[in-house]
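For reference, the structure is listed below as C-alpha cells.
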Amino acid sequence: MLRTLKWLASLTLVAIALVLAAVVFGGRDPDWNGTVLLRWDPERRALEWMQRPRMAQDGPYVFRDAHGYAVVETVPSGTGWRLQTRRMPAHPLPVISVRVGNAADTRFDVPLRPPARAQRADEPGNPPRLLMLSDMEGQFDRFVALLRAQGAIDAGLHWAYGRNHIALVGDLVDRGEQVVPLLWLVYRLEGEAERAGGRVHYVLGNHEQMGLAGNMESWPERMRATAQALDGGSKRMFSDASVLGQWLRSKPVIARVGDHLLAHGGVSADFLRADLSVDAANALARPHLERRRVLMPAQVQAVLGRAGVTRYRGLAKTDAQLEDDPVAHLRQVARRYGVRRLAIGHTIAPDIVLQHRGLLLRLDVHHKTQVPQAALYEDGRLWRVHADGRPPVRLH
C-alpha cells in the first residue's frame, strides 16, 4: 500500500512538473506536424493538451496541374471554416484575389505569371536606391507601412519605386498571421518592379527552407490547420506544383547587389573555403532547399548546413560562436565578392546597425514589437529608415 502511494505521489509530481513546464515555456512551437502536445496559451489563458490547430481564414494556395489551376482557401462554414477548391483555366493566366484578414480587411488582386526561372543573383552595379530589410515573419501591415513610408509602394499596394531596388534578406515567413498574403504581395511587386525597370531581390532564409520542407513548427495556427485538412498536407502547400512554392524555389540563398553581399545568416569560413561564386552557390543549393541538413551531401553543407549562409550566426553572436577576428574575416569576404560589406538578418539587434568597421550591416530587428526598420543605400551613403516616417539616421 505504501509503495502504491509513493508511486502515485511520484506520478503527481511529474504531472505538476509538466504543467509548470508548459506554463514557463508556453511560447514554444508545436511539433513538426503542427499539433501542440502540451503548452500554456497566454492569449486564451488555457492549457493546451494534444491540441490540433483551429482552422481560420487562410490562403489562397494555388496549384498548377494539367488542367489549369486549383485555388484552395478557407471559407466560412457555420461557426467555423472549411477548405474550398475552385478551378481556374491556364489561359489566359488568371488573376487571383487575396484577402489579408487584418483589421482593415485589406484585399488585393494578383496576376499569375508563368513558372519562375532562377535569375542571376550577382549584380555588380548599384541601383539608384537599394532598400534592405529582413525577418518580417508574416507581419503584413508592418511590412506595408515600412514600404509606404519609403515611397516604395502606393496606397493600392502597387510598386512605386521606379528603377530602384528592394532586397528582402530572408525570413519573411513563419510566426506572423499573414504569411501567405505577404508572399503574394511580394510576388506581385516583383512583377511590377521588373516592368518599371526596378527589382525585388528575395534572398531565402532558414524559415523559407523549413516551409519548403513542410516543417510546420513555426507556422501560424491557421496555416497548420489548413495543412492538416489539405490532401498532401504541409508538403503540398509549398511543393513545386504550388505557385508560391515553385516561385520560392527560384530564389537565391546569397546575392550581390553592387556594394552589398546579401546572406540571411552570414558567410562562414567553411563557405569561403568552398570557393564558390554567388551563382555557383545558388546552383548548388537549389536542389536541396527542402532537405533536412543531415540528409544533405557534404559539399552542400557549407551552403545550407549549420555554417551555411541561411543559418550561420558567427558574425553576430557575442558568445563563443563569434569569429575570432570578425574584421579580418569580413575583409576577406569583401575582397572575395568585390563588395563593401555583408548584409545579414537572422540574429536580432536592437536597431539596424553597422558593425565591425562598417563591414557588417545587421538588418534583423523585432518588427513585431517596435517600429519596423530598413536600411537605405543611396549615393554611397547608408541610412536607417523607419515605418513611421521619422527622419533617417545616417549609419557610420
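List pairs: first residue in segment 201-220 and more than 14 Å from P252 (Cα to Cα), second residue crowded, with 22+ Cβ neighbours inside 10 Å and among the basic types (K, R) anywhere in the structure, Cβ distance under 7 angstrom, at least six positions apart or on different chains.
M216/R224
Would segment 127-136 turn up any residue that is touching a residue at least 12 places away in the same chain (Cβ under 8 Å), crowded, with 24+ Cβ neighbours inside 10 Å and within 14 Å of E194 (Cα to Cα)?
No: segment 127-136 contains no residue that is touching a residue at least 12 places away in the same chain (Cβ under 8 Å), crowded, with 24+ Cβ neighbours inside 10 Å and within 14 Å of E194 (Cα to Cα).
Listed here are the residues, each with its yes/no results for (1) in the same structural domain as G101 (by TED's automatic domain parsing); (2) over 18 Å from K368 (Cβ atoms); (3) out of contact with any Pro (no Cβ under 6 Å at 6 or more places or on another chain); (4) in a helix (DSSP H, G or I).
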{"position": "R142", "(1), (2), (3), (4)": "no, no, no, yes"}
{"position": "L146", "(1), (2), (3), (4)": "no, no, no, yes"}
{"position": "L157", "(1), (2), (3), (4)": "no, yes, yes, no"}
{"position": "V173", "(1), (2), (3), (4)": "no, no, yes, no"}
{"position": "W184", "(1), (2), (3), (4)": "no, yes, yes, yes"}
{"position": "E194", "(1), (2), (3), (4)": "no, yes, yes, yes"}
{"position": "Q209", "(1), (2), (3), (4)": "no, yes, yes, yes"}
{"position": "W219", "(1), (2), (3), (4)": "no, no, yes, no"}
{"position": "K235", "(1), (2), (3), (4)": "no, yes, yes, yes"}
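Tally up the residues in segment 221-233 that are part of a helix (DSSP H, G or I), of a type in the set (A, V, I, L, M) and touching a Leu at 6+ places or on another chain (Cβ under 9 Å), please.
Total satisfying the criteria: 1.
Scan segment 77-90 for residues that are touching a strand residue (DSSP E or B) at 6+ places or on another chain (Cβ under 8 Å) and surrounded by fewer than 16 Cβ atoms within 10 Å (Cβ to Cβ) and jot them down.
Hits for segment 77-90 are R82, Q84, T85, R86, R87, M88, P89, A90.
Please verify whether segment 191-205 includes one or more residues that are β-branched (V, I, T) and in contact with a helix residue (DSSP H, G or I) (Cβ under 6 Å, 6 or more places away or on another chain).
Yes, because at least one residue in segment 191-205 is β-branched (V, I, T) and in contact with a helix residue (DSSP H, G or I) (Cβ under 6 Å, 6 or more places away or on another chain).
May I ask you to list the residues in segment 91-118 that are out of contact with any strand residue (DSSP E or B) (no Cβ under 7 Å at 6 or more places or on another chain), among the charged types (D, E, K, R) and surrounded by 11 or more Cβ atoms within 10 Å (Cβ to Cβ)?
Within segment 91-118, just R113 meets the criteria.
Taking only segment 194-219 into account, find how many residues are in contact with a Lys or Arg (Cβ under 7 Å, 6 or more places away or on another chain) and of a type outside the set (A, V, I, L, M).
Residues that pass the stated criteria total 6.
So which residues in segment 253-290 are assigned to a helix (DSSP H, G or I) and either without any contact (Cβ under 8 Å) to a residue 12 or more places away in the chain or aliphatic (A, V, I, L, M) (or both)?
Residues satisfying the conditions are A269, L272, A274, V278, A280, A281, A283, L284, A285, P287.
May I ask you to list the residues in segment 152-171 that are over 20 Å from the mean Cα position of the chain (by Cα), under 13 Å from Y187 (Cα atoms) and buried (at least 19 other Cβ atoms within 10 Å of the Cβ)?
The answer is W159, and nothing else.
Which of the residues that make up segment 284-320 are within 23 Å of F238 (Cβ to Cβ), in contact with a Leu (Cβ under 9 Å, 6 or more places away or on another chain) and among the small types (G, A, S)?
A285
The values are calculated or read from the model by the stated rules, or taken from the named source; none is laboratory data. Here the structure is a predicted model, which means the values were calculated and not measured. When we count neighbours, we look across all protein chains shown, and the Cβ atoms used for this are built from the backbone with ideal geometry, even at glycine.
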